[in-house]
Each structure stands twice: as C-alpha cells, then as structure tokens.
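Take a look at the structure set out below.
Derivation of every value follows stated rules applied to the coordinates shown; laboratory data play no part. Computed from a predicted model, the values in this text were never measured in an experiment. Backbone-built Cβ (ideal geometry, glycine too); neighbour counts: all protein chains shown.
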Amino acid sequence: MRILPLTLLILLAPSLALAHPGHDSGTFLSGAAHPLGGLDHVLAMLAVGLMAAQAGGRALWALPVTFVGAMLAGGLLGFAGVALPAVEPAILASIIILGALVALATRLPLAALVPMVALFGLAHGWAHGAEGPAQGLAVYAAGFALATAALHVAGIAMGRTLTALAVRGLGGAAALAGLALAFA
C-alpha cells in the first residue's frame, strides 16, 4: 500500500507546489525542470495521462496532444506579457477536477474533455511562459513540452498497468492534494 504514504506526503507538503525550479535560464534542461519541479504541474499532467488511459481510444493521444499544444500557446501568451485572469486558480482547479474525474471514473465525451484539457493546458503554459527566461524561449519551451509529454506518458503507463481501483485511488489522491494546495 504505497499510495497512502505518497498521499500523505503530498498533503503535508503543499509548499512544494510553489517551488518551481527551471526558469532561471533559457536552456532545454531548465525548461524540462520547470514542470517536474512543481507539484501542481506534476499532478495535473499525470492526471491527464491517467484520464487518457481511462478513456482509451482517441483520447489516448488527443488529451495529451491537446494539453501540450495549448500549454505551448499559453506559454507564448505568458512570455509576451498577455494577462490571463485566474491562472493560478485554474491550475489548482485542473488538479482537483482532473483528479476527481479519474477517481470517479467519469466517462465524459471527448468533445467535452478536449476543451477542458485545452483550458487547463493554456493556464499551465501561461505560468511556464510568464515565469520563463527572457532569452532562449524556444529551447526552454521544447524542454517543458517534452517533460510535460513524459509526465502524460507516465500517467498513461500507470493507467494502463495498474488496476482500475488503483487508478481511481491515484485520481482521488491528486484531487485531495489539489484541495490541500488550494487551501495552503
């Protein structure tokens, strides 16, 4: 039962979400470190992968590709200084909502999931772009896009190899962690 200690760690360490390394230089590794260094990003991106695995079919590729594409667009907006309202609440909502949908094994149509995932990807991307370096944006963006895709693949792998109950448990853990982050 490894999920319980991990869940407790996540719930007891909400300050990790605010510790986003990887935006001090415009390097590929710096970009890759950003999504991996923030618990809020990791949880949401794994949840996208879990949801894609749960839904199966076209969702298996459509949800991760949509998230990454919208995230890159949001990154450009953030880098350009375009203001988006409620970015941090949207990031927290992404963890809670995606986690809850996985936990409840909700079967929404792809036509509903894609725009939702796009909105969340846009918010996460905006944070990457706004916090990103002043130089080397393209290389930095390639790093955070690849790290994000890797997290999606990890979520898909978990979703396809773990039992349905374990996947739902991970979704619930993510949603609870999102709530803890929201009230931290």
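What to note about this one:
- Among 92, 72, 165, the largest mean-square fluctuation in a Gaussian network model of the chain (Cα springs under 10 Å) belongs to 165.
- Gaussian network model of the chain, Cα within-10 Å springs - most flexible of 37, 99, 132: 37
- Charge tally around residue 94: other residues with Cβ under 11 Å, Lys/Arg +1 each, Asp/Glu -1 each, net -2.
- Shape of the chain, Cα gyration tensor, a/c cut at 1.5: prolate
- Estimated distance in nm for a label pair at residue 165 and residue 112, the labels positioned 7 Å out from Cα along Cα-to-Cβ: 2.7
- GNM flexibility winner over the chain from 109, 133, 64 (Cα, springs under 10 Å): 109
- Listed residue (32, 144, 100) projecting farthest to the positive dipole end of the chain, Cβ model: 100
- Entry note, the chain: relative contact order of 39 percent, from Cα contacts under 8 Å with a spacing of 6+ residues.
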